[in-house]
1. Sort out which residues of the stretch 190-238 are surrounded by fewer than 17 Cβ atoms within 10 Å (Cβ to Cβ), of a type in the set (Gly, Ala, Ser) and modelled with pLDDT of 90 or more, and write them in order of number.
2. Condition first: free of Cβ contacts under 8 Å to residues at least 40 places away in the same chain and within 19 Å of the chain's Cα centre (by Cα). Now tell me which residues in the stretch 93-127 satisfy that.
3. Arg132 passes all but one of (1) crowded, with 20+ Cβ neighbours inside 10 Å; (2) of a type in the set (D, E, K, R); (3) under 30 Å from Ala148 (Cβ atoms); which number fails?
4. Could you run through the stretch 77-106 and say how many residues are in a helix (DSSP H, G or I), farther than 16 Å from Arg375 by Cα and among the small types (Gly, Ala, Ser)?
5. Out of all the residues in the stretch 326-374, which are in contact (Cβ under 8 Å) with a residue 12 or more places away in the chain and surrounded by fewer than 12 Cβ atoms within 10 Å (Cβ to Cβ)?
Amino acid sequence: MSLLHRHIFLSVLGACAAAVGLFAFILIVGNMLKDLLPFVMGGQLSPGTFLKLVGLLAQIVAAYALPMGVLTGVLLILGRMSAQNEITAMRAAGLSLLYVARPVLILGFAGAVLCGFINFYSMPKSKIAYKRILAGAVQKNPLSFIVAKTFIRDFRGVVLYVGKKEENLLEDVWIWELDSENRVIRSGRAASGRVSFDAAGGRLVLVLSDVSFEIRNKDNPEDFVKPVQRGTSEEFTVELAMEHLLGAQAVRQKPGWMTLEELFTQQQKLAGPVPSGEEEKRARDRMAISFAINEKTTTAVAVFAFALLAVPLGIKVSRKETSANLGVALLLVMSYYFLTVCVEWLDKKPAFRPDILIWIPVTLFLALGLAMFRRLGRV
């Protein structure tokens, strides 16, 4: 590698690493706020477990941060070099655009290989470990789901509020039962109560005392013209299912959480004879596996596509301000993921072949990058 290539490669590598780190940090914080913060506030996660989960999160979000980071890093470095007339000097010395861009393309290819490894090996294992550790930590202290002076929405179809909690004793308990449209169909308030965990059934059991309740019309619970049914009870028992919180469903391995070998193994199993009456389900299962393989592959290819597109785009933008190149990078990334999400909406409809349609976004970006690269190379 020549001195010029080494200079470009190291400059772009440093910028890409910083950009990947930035985007990974943003994604990690977002997942922490969504998944871990409620458990931390409820005292369900020890500091050691929390740090281990954050480390697993870093491996999970890396595949999403890589395409964004590579695009941003290349745009920033080549934009700066173009603004300082370094690219112009190289072209004036008779160097072709392909020669100048060779280190960037090599880096983009290496990033695609790394992203493929993360998608097919590292991320699936980290995702399963993340779910299992989180579920295991929660199982050690299921009563900590009840947090005083907080609207608790962890239980399906129920919103709970407790004014005061001391160990398993509760005071000033409010509970709202919701329908499928999140409308209140029943509500109640108890002066006191106690909570226990039924390990066999995987549920919390609330025994409430001095209860007043209200029952609304199930068909139209928001119709306040008709009178509602009200009543009182000395004692009332409420059971709150926790299977989804304790990991019975969360740790079930989805196609997106499988390694490449597991995906191929599952694909071979589904290729066998189809039992009568299960044709539609088998078709959806096959499509889910095929879609996962192609989606992981396109995400890796997107790293190279973004690097290719960023070369002519960074030179053409030619701004010293990092905000300009950063804005372009974010716009392109948002466009790519918007197209990807649109295709993912069809993953339950095998007739539309979403496993093939998922290649459209990355193909568009590859074609756009090649067209701009060839056009700028002629200048």
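The values are calculated or read from the model by the stated rules, or taken from the named source; none is laboratory data. Because the structure is a prediction, the values reported are computed rather than measured. When we count neighbours, we look across all protein chains shown, and the Cβ atoms used for this are built from the backbone with ideal geometry, even at glycine.
1. Within the stretch 190-238, Ala191, Ser192, Ser209, Ser212 qualify.
2. Within the stretch 93-127, Phe117 is the sole residue that qualifies.
3. The failed condition is (1).
4. Total satisfying the criteria: 5.
5. Across the stretch 326-374, there are no qualifying residues.
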